[in-house]
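Structure, as structure tokens:
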Amino acid sequence: MGAQLRVYKRRIKSVSATKKITRAMEMIAASRIIKAQRKVAASEPYAKELTRAVTAVAQGSDAKHPLLTEAEQPKRAAVLLITSDRGLAGGYNSNAIKAAEQLNTRLAAEGKEIDSYIVGTKGVAYYGFRNRVVKESFTGFTDNPTYADAKAVAAPLIEAVQAQAADGGVDELHIVYTEFVSMMTQTAVDARMLPLSLDQATESPGDGEGTAKGSAVVLPLYEFEPSAEDVLDALLPRYVESRVYNALLQAAASKHAATRRAMKSATDNAEELIKSLTRLANAARQADITQEISEIVGGASALADANAGSDR
């Protein structure tokens, strides 16, 4: 029984050490979530106003541009998948990869070739293990992405959009990332960045300013200097960079929330395991004490019987 009690004590000590680690990781993730949320909120106004600018150019001209023009027969699509560099985040990475797989299946069914761009070690490892071709991969910044990181990720995507089909150009640009909905909910989503869908991006100028629902909205007329195409050429990199940056920030916030939730679950499980092991250790200690008492009583009885026999 003494050996079994020592085993329980070692396990309790080991689980207690693990609990301290998971508790610390939970607190670190919780502190990072707040910072990530603030960055997401700070990036959204710029992205929205940039989309407004692109929409204004599109509505005010008849320009044909990769940012807006649908290909008659799209044959190639670029897919950017955003995962994390680290694990211990529950189903965060697997959900994002699953969403990308579903998107790839849908695009392949439409007869489109797929160029894969991966952010995060986990996504790179997944594709590498399956010997899949990856056009570009980016790692090392998913926990705290900056705008410079977004520009580095967006650069090859912009180049692929602007390139001709014979040079490996793409007709569509998609992005798969995890959207931060709340502390408890993070959803893996896929969105098409290019060509920009105007019916989704357009916001009526009178929204929230007293315009009656269903009333006609008179759009302003624009004149472009030097041309609408040149304006769109200047806006295209900014638009893609802002969308990628916002997605990176959303993914970072989602990853920290998933890590916090996973570490809290691990801490709770460690506490339950410690309670269970403590009960087993107490039972083993009681059994050991009972056995020792029985041995003492047995020894005393044997000694009393021996003394009684000698007296005779």
Inset, instruction - Residue by residue through region 118-169, note down the ones that are touching a strand residue (DSSP E or B) at 6+ places or on another chain (Cβ under 6 Å), open to solvent by less than 10 Å² (accessible area, probe 1.4 Å) and not in a helix (DSSP H, G or I). - result: 118, 119
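Might you check whether a residue that is assigned to a helix (DSSP H, G or I), in contact with an Asp or Glu (Cβ under 9 Å, 6 or more places away or on another chain) and either open to solvent by 50 Å² or more (accessible area, probe 1.4 Å) or charged (D, E, K, R) (or both) occurs anywhere in region 181-191? Steps first, answer last, please.
Step one: list which residues in region 181-191 are assigned to a helix (DSSP H, G or I), which gives none.
Checking region 181-191: not a single residue is assigned to a helix (DSSP H, G or I), in contact with an Asp or Glu (Cβ under 9 Å, 6 or more places away or on another chain) and either open to solvent by 50 Å² or more (accessible area, probe 1.4 Å) or charged (D, E, K, R) (or both).
Do we have any residue at all in region 251-263 that's loosely packed, with under 13 Cβ neighbours inside 10 Å and either modelled with pLDDT under 90 or in a helix (DSSP H, G or I) (or both)?
no
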Inset, instruction - Could you tell me which of the residues 35, 39, 64 is of a type outside the set (A, V, I, L, M, F, W, C), in a helix (DSSP H, G or I) and open to solvent by 80 Å² or more (accessible area, probe 1.4 Å)? - result: 35
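For (1) out of contact with any helix residue (DSSP H, G or I) (no Cβ under 6 Å at 6 or more places or on another chain); (2) outside any helix (DSSP H, G or I); (3) of a type outside the set (Asp, Glu), each residue gets a yes or a no:
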| site | (1), (2), (3) |
| --- | --- |
| 48 | yes, no, yes |
| 51 | no, no, yes |
| 56 | yes, no, yes |
| 86 | yes, yes, yes |
| 100 | yes, no, yes |
| 106 | yes, no, yes |
| 114 | no, yes, yes |
Inset, instruction - Take region 101-141 and flag every residue that is under 15 Å from residue 173 (Cα atoms) and among the basic types (Lys, Arg). - result: 106, 112, 135
Inset, instruction - Name, by its number, the condition in (1) out of contact with any strand residue (DSSP E or B) (no Cβ under 7 Å at 6 or more places or on another chain); (2) open to solvent by less than 30 Å² (accessible area, probe 1.4 Å) that does not hold for residue 77. - result: (1)
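The values are calculated or read from the model by the stated rules, or taken from the named source; none is laboratory data. As the structure is a prediction and not an experimental result, all values here were calculated from the model. Heads up, the Cβs are rebuilt from the backbone with ideal geometry, glycines too, and the neighbour counts pull from every protein chain shown. Quick note on the areas: whole protein, heavy atoms, side chains included, nothing else; ligands and nucleic acids left out. Shrake-Rupley method; radii C 1.70, N 1.55, O 1.52, S 1.80 Å.
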